[in-house]
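Presented below is the structure to which this report refers.
Any read-out appearing in this document is the output of simple, stated calculations on the displayed coordinates, not a laboratory observation. Keep in mind that what you see is a predicted model, and the values were worked out from it rather than measured. As a convention, Cβ positions derive from the backbone with ideal geometry for all residues, glycine included, and neighbour counts pool all protein chains shown.
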Amino acid sequence: MIEDLRKSETWRVFRIQSELVDGFETLFDIGPAVTIFGSSRLKEDSYYYYQAVKVGKMLSEIGFSVITGGGPGIMEGANKGAKMGKSKSIGLNIRLPHEQVPNKYQDITLDFRYFFVRKLMFIKYAIAFVIFPGGFGTMDELFEALTLVQTGKIESFPIILFGSDYWKGLIEWMKHTLVPEGTIGREDFALFSIVDTPEEVCKLLKEYYRVFGGAVPIGECCKDIK
């Protein structure tokens, strides 16, 4: 009888509920946070891994907790950088049959069975997204964020693509295919920014919270940015 219940849709609801409660209670008081996405397949000798370390460290030093998917690659780089700073390094791990091995640079670790619960935590507790080169998972997270902002389901917040060389093909396709077909508008390009340096990430966050009055700690690394 118990085994039948565990296989039922009702039991699945309880598992989902437990992940939601665990996530809400664990992340409730992390303070302002930035979520960093990117490929799990990029190694430590990758240029983008190195840049992820720099971005994670910079954000942590100026008072932002750093949230990643908790795995290797870009996620590891960002968590590693965050551990070098002053703020929390957070990993929202997902149980997968391959690829996802939790990295060792996490102050707070959560494990999720369900992608949609994990994605909710990324959105709910972040005041900005920084999106490094990645594959299907990274694209999914990017376009979900853009959709939620575009449709007004969440308030607009910085969505920052890191690495113009990597993203330029996608942007060109959007401009020359989606816009002429009428499936998106030119105004939708204002939903995101493209940068190539950690300093540009910091500058965008500073400008956003200057304009919109966000009470977040922008510290010493940004003091000389005009």
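General observations
- Estimated FRET transfer efficiency (ASP45, VAL101; beta-carbon r; R0 25 Å; 0.05): 0.90
- Report summary: the helix-based calculation at 222 nm, which adds -39500 (n - 2.57) for every DSSP H run with n ≥ 4 and divides by the residues of the chain, gives -14000 deg cm²/dmol.
- Along region 177-190 the Karplus relation, 6.51 cos²θ - 1.76 cosθ + 1.60 evaluated at θ = phi - 60°, assigns HN-Hα couplings of 10, 5, 5, x, 6, x, 7, 9, x, 4, 5, 5, 5, 6 Hz to successive residues, with x for each Gly and Pro.
- Mean Cβ neighbour count within 10 Å, used as a protection proxy, ranking 150-159, 174-183, 35-44, 115-124 highest first: 35-44, 115-124, 150-159, 174-183
- Comparing GLN17, GLN51, GLN106 in a Gaussian network model of the chain, where Cα atoms under 10 Å apart are tied by springs, the biggest mean-square fluctuation is seen for GLN17.
- Annotation: amide H of GLY134 within the under-5 Å range of SER39, sequence separation 5 or more or interchain, hydrogens built in the peptide plane.
- On the basis of the beta-carbon distance and an R0 of 41 Å, THR177 and PHE28 show a calculated FRET efficiency of 0.45.
- Each of ARG95, ARG12 has some number of other Cβ atoms within 10 Å of its Cβ, and from fewest to most they run ARG95, ARG12.
- Dipole magnitude of the chain about its Cα centre (Cβ charges: Lys, Arg +1; Asp, Glu -1), debye to nearest 20: 280 debye
- Placed amide H near ALA128: partners under 5 Å, 5+ positions off or other chain: THR35
- Gap separating the Cα centres of region 136-208 and region 25-51, nearest whole Å: 18 Å
- For region 14-24, 3J(HN,Hα) per residue [Karplus equation, 6.51 cos²θ - 1.76 cosθ + 1.60, θ = phi - 60°, Hz, x = Gly/Pro]: 5, 5, 4, 4, 5, 5, 4, 5, 4, x, 4
- Relative contact order, percent, region 19-211 [alpha-carbon distance under 8 Å, six or more residues apart]: 20 percent
- Each of (1) 48, 37, 31; (2) 65, 47, 38; (3) 55, 35, 30 is a candidate for Cα extents along the principal axes in Å; the one calculated from this structure is (2).
- Whole-Hz couplings from phi, Karplus 6.51/-1.76/1.60, listed for region 167-173; x for Gly and Pro: 8, 5, x, 5, 5, 4, 4
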